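Visitor: Take a look at the following structure, please.
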Amino acid sequence: MKKIKMSCTTCPNSCELLATVENDQVVAVEGNLCKRGVTFAESEYRCPVRVLTSTMILDTGAKAVMVPVRSAKPIPKAAMQDAMQAISKTHLHHAVKMGEALIKNVADTGVDIVASKTVLM
Amino acid sequence: MKTYKYDVVIVGGGPAGLAAAVSAKKQQAKVAILERNGELGGILEQCIHAGFGLHVFKEELTGPEYAERFIDQVEDLDIDVFLNTMVLDITKDRHVSAICGEGVLHFEAGAVVLAMGCRERTRGAIRIPGDRGAGVFTAGIAQRYINLENMKPGTKAVILGSGDIGLIMARRLTLEGIEVEGVYEIMPYPNGLYRNIINCLDDFGIPLHLSTTITRINGKDRVHSVEVAKVDEHRQPIPGTEREIACDTVLLSVGLIPENELSRKAGVALDPVTKGPVVDENLETEVPGIFACGNVLHVHDVVDYVTTEAEEAGEKAALYAKNALKKSDASVAVHAEGPVRYTVPEFVDPEDGADKKIKFRVGAPIEKGVTVIKAGEKEVYREKKAHRFLPSNMEIHTLKCSAIAGVRGDLTVSVEE
Ligand SMILES: Cc1cc2nc3c(=O)[nH]c(=O)nc-3n(C[C@H](O)[C@H](O)[C@H](O)COP(=O)(O)OP(=O)(O)OC[C@H]3O[C@@H](n4cnc5c(N)ncnc54)[C@H](O)[C@@H]3O)c2cc1C
């Protein structure tokens, strides 16, 4: 049996969860204000996902500008390093709009890396 | 010298200034935002992580995304924006002078909204002994270097203080391939949000050492190590617990202080605890027509609350400029008591019929307690459900005006365990 601390991200209450895991199954959850905490704990144990954020370089010719980027949706934690590599390898050469997809299906997660900000040249 | 006339002049174009501007404009006021940077958005532009907007937009946005939603509104509403314009002085009769590329600008304002944000406490403020080598940064400066200027602060870092910015930076450094040896916190509890401890430290196996501090920084030209030690309950280093850690970078995340130089110049009274202006429930300072909101008033951990506070300040400033702000003389003081460190506002009007939003923070964690507000001996508010209070979480409570109508004595806000 092991106990895992988790922070529920389902709503702004941000419940501090303590999940008890036995035989690779979440058998109990404490600290949740509602049922959704249990669902969260199960998926957090199975496959934790996070929104990944970083920056990409936009080469304007005159100087390099940093464009903040994010995964459009949370991606599996396990894919984060690969996604970071894909981001640092990508250089932009054009103006971008907030929400524009800059890398499609990053690290085979089915999720795009999008611009967090509109940057005009 | 150019002179402009506006109903409402807003100093600072961060989330507070943006929301105040939009809401003042909706009251049909003529509004200007003065911002010293080359773009709007304030500190949000460097906060590229997600975690903004859960309350206001019900989704998890990054800092720049949150800012852009408000910047778009400011553009749509044709609010005048003066960028690269640094405000130097504000007088009691609301003359605002600023400097920009073209020289000095002068503004005559019906009302002024202070929205200058805050600054980080530095090494000087906490007096760490040792050498003065390069490599010691506040967490926010390191954030700026990495996220906006594409500069790498070092290769192996130790972080002092468990404030949110330090936690966020621990993750950011790790993702960028900079080793984070650990986070050291002098208090027996962490200062940042629980979510950030899990997602920024635990996710990456970065240890958090509580009741531990840096006692010395070594390295004449560049930091090469720090000495850390456990502290006792009086926060004094315990002899024999010292440990030396090799590193070339130290990040400080040891607190924020409202940017209060201009507030001082304007002659507004400052609260010794928040270090921001003393305000009444309209967020008006003791100088009539000068309002304050956001981190310049008191440090907020969640930007959504900055937005709602600023919307109120903007609206009230617009009303003031039009001589339409109701005000009676029946103001009573609000005091913080016991575990409550401060309250905002410091004054309310019990006779104006409006419900009061009381914000406060506790000085140390309380496992289970309820908020209680008294007028003299009489209890006028008691929270129904007991819960945990943390210094990192701002509490917001609504006090019904009917509960305090007719009260004479001051109000006291406390938490009963
Ligand atoms: C590094 C960091 C990380 C954070 N992370 C989160 C998070 O994850 N989630 C969350 O909800 N909140 C977070 N916050 C809190 C949130 O970002 C702040 O509460 C919010 O940005 C405060 O807004 P503000 O407008 O009061 O101040 P700011 O954003 O600091 O804006 C103040 C503006 O005023 C301008 N200014 C100052 N002086 C002058 C002058 N004399 N003349 C003209 N302009 C001037 C500045 O240039 C700046 O643009 C974080 C804060 C920091 C500092």
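The values are calculated or read from the model by the stated rules, or taken from the named source; none is laboratory data. Here the structure is a predicted model, which means the values were calculated and not measured. As a convention, Cβ positions derive from the backbone with ideal geometry for all residues, glycine included, and neighbour counts pool all protein chains shown. Heavy atoms of the whole protein, side chains included, go into the accessibility calculation; ligands, DNA and RNA do not. Shrake-Rupley method; radii C 1.70, N 1.55, O 1.52, S 1.80 Å.
Visitor: Quick check: the angle from helix B:139-149's long axis to the longest principal axis of chain B, C-alpha only, nearest 10 degrees?
Guide: The angle comes out near 90 degrees.
Visitor: Further question: Give the distance, in whole Å, between the Cα centre of the range B:1-64 and the Cα centre of the range B:192-211.
Guide: Value for the Cα centre distance between the two parts: 31 Å.
Visitor: Could you compute how much accessible surface B:I128 exposes when probed at 1.4 Å, giving the result in Å² to the nearest 10?
Guide: My reading of the accessible area for B:I128 is about 10 Å².
Visitor: Return the tail of the calculated pair distribution for chain B, meaning the percent of Cα-Cα pairs more than 36 Å apart.
Guide: Beyond 36 Å sits 30 percent of the P(r) for chain B.
Visitor: Of B:K359, B:K2, which has the most accessible area and how do the rest follow, probe 1.4 Å?
Guide: Ranked list, largest accessible area first: B:K2, B:K359.
Visitor: Of all the C-alpha pairs in the protein assembly as shown, what % are more than 43 Å from each other?
Guide: Cα-Cα pairs of the protein assembly as shown separated by over 43 Å account for 20 percent.
Visitor: Could I ask something else about it? Could you work out, residue by residue across B:48-57, how many beta carbons of other chains sit within 10 Å of that residue's beta carbon, and then give the average as an integer?
Guide: 4
Visitor: With a 1.4 Å probe and all protein chains left in place, how much accessible area per residue does chain B have, in Å²?
Guide: 42 Å²
Visitor: If packing is taken as the mean number of other Cβ atoms within 10 Å per residue, what is the order of B:184-191, A:7-14, highest first?
Guide: Highest-to-lowest ranking by the protection proxy: B:184-191, A:7-14.
Visitor: Tell me, what is a quarter of the convex hull surface for the C-alpha atoms of the range B:184-326, in nm² with one decimal?
Guide: 12.2 nm²
Visitor: Work out how much length B:V273 to B:R235 would gain on full extension: take 0.36 nm times their residue separation and subtract the Cα-Cα distance, in nm to one decimal.
Guide: Result for the pair: 11.7 nm of gain on full extension.
Visitor: I've got another one for you. Suppose the Debye formula is applied to equal point scatterers at every Cα of the range B:88-139; what is log10 I(q)/I(0) at q = 0.13, 0.22 Å⁻¹?
Guide: Summing over Cα pairs of the range B:88-139 leads to -0.60, -0.84.
Visitor: Tell me which aspartates and glutamates have Cα within less than 16 Å of B:K316's Cα, excluding those fewer than 8 residues away on the same chain?
Guide: B:D7, B:D280, B:E281, B:E284, B:E286, B:D349, B:D352, B:D355
Visitor: Residue by residue, what Karplus-based ³J(HN,Hα) values in Hz, rounded to whole numbers, does the range A:27-40 have, using 6.51, -1.76 and 1.60 with θ = phi - 60° and x for Gly and Pro?
Guide: Rounded to whole hertz, the list is 9, 7, 10, 10, x, 7, 7, 8, 4, 4, x, 5, 4, 4.
Visitor: Rounded, prolate or oblate: which fits the range B:203-259, taking a ≥ b ≥ c as square roots of the Cα gyration tensor eigenvalues, rounded meaning a/c under 1.5, else prolate when a/b beats b/c?
Guide: rounded
Visitor: Indicate, rounded to the nearest 5 percent, the antiparallel portion of the DSSP beta bridges found entirely in the protein assembly as shown.
Guide: Counting DSSP beta bridges with both partners in the protein assembly as shown, the antiparallel share is about 65 percent.
Visitor: Only bridges with both residues in the range B:122-254 count here: give the DSSP antiparallel percent, nearest 5.
Guide: Around 40 percent antiparallel, to the nearest 5.
Visitor: Along the three principal axes, how long is the range A:53-115 when you take its alpha carbons, biggest first, rounded to the nearest angstrom?
Guide: Sorted from largest, the Cα extents of the range A:53-115 read 37, 20, 14 Å.
Visitor: Further question on the same structure: Counting only other residues whose beta carbon sits under 10 Å from that of B:L210, what net charge do I get with K and R as +1, D and E as -1?
Guide: Every neighbour counted, the sum reads 0.
Visitor: Dimensions of chain A along principal axes (Cα, Å, largest first)?
Guide: 57, 27, 20
Visitor: Let me ask you something else. Find how many whole Å separate the alpha carbon centroid of the range B:92-129 from the alpha carbon centroid of the range A:47-98.
Guide: The two parts, judged by their Cα centres, are 34 Å apart.
Visitor: Separation between the B:Y305 and B:I257 pseudo-spin-labels, each 7 Å from Cα along Cα→Cβ, expressed in nm?
Guide: 2.2 nm
Visitor: To continue, here is another question. Among the DSSP beta bridges whose two residues both lie in chain B, what percent are antiparallel, rounded to the nearest 5?
Guide: Antiparallel bridges make up about 55 percent of those DSSP assigns within chain B.
Visitor: Can you pull the three principal axis extents for the Cα set of the range B:122-254, in Å, largest first?
Guide: Here the spans come out as 40, 36, 24 Å, largest first.
Visitor: In addition: Output the peptides B:284-295, A:23-34 sorted from most to least packed, where packing is the average of other Cβ atoms within 10 Å over each peptide's residues.
Guide: Most protected by this proxy first, the peptides run B:284-295, A:23-34.
Visitor: So what is the relative contact order of chain B, in percent, for Cα pairs below 8 Å that sit 6 or more residues apart?
Guide: 16 percent
Visitor: Something else now. If you fit an axis through the alpha-carbon atoms of helix B:63-76 and take the longest principal axis of the Cα set of chain B, what angle between them do you get, 0 to 90°, nearest 10?
Guide: 20 degrees
Visitor: What GluC sites (Glu not before Pro) in the range B:347-382 are in a loop by DSSP, with at most 10 other Cβ atoms within 10 Å of the Cβ?
Guide: Those that pass, being in a loop and sparsely packed, are B:E377.
Visitor: Taking only C-alpha pairs under 8 Å that are 6+ residues apart, what is the relative contact order of the range B:328-417 in percent?
Guide: 38 percent
Visitor: Going from the alpha-carbon gyration tensor of the range A:2-46, what semi-axes, largest first and in whole Å, does one get by taking the root of 5 times each eigenvalue?
Guide: The answer is 17, 9, 8 Å, longest axis first.
Visitor: List the equivalent ellipsoid semi-axes of the range B:326-417 in whole Å, largest first, each obtained as the square root of 5λ for an eigenvalue λ of the Cα gyration tensor.
Guide: Ellipsoid semi-axes (Å, largest first): 23, 12, 11.
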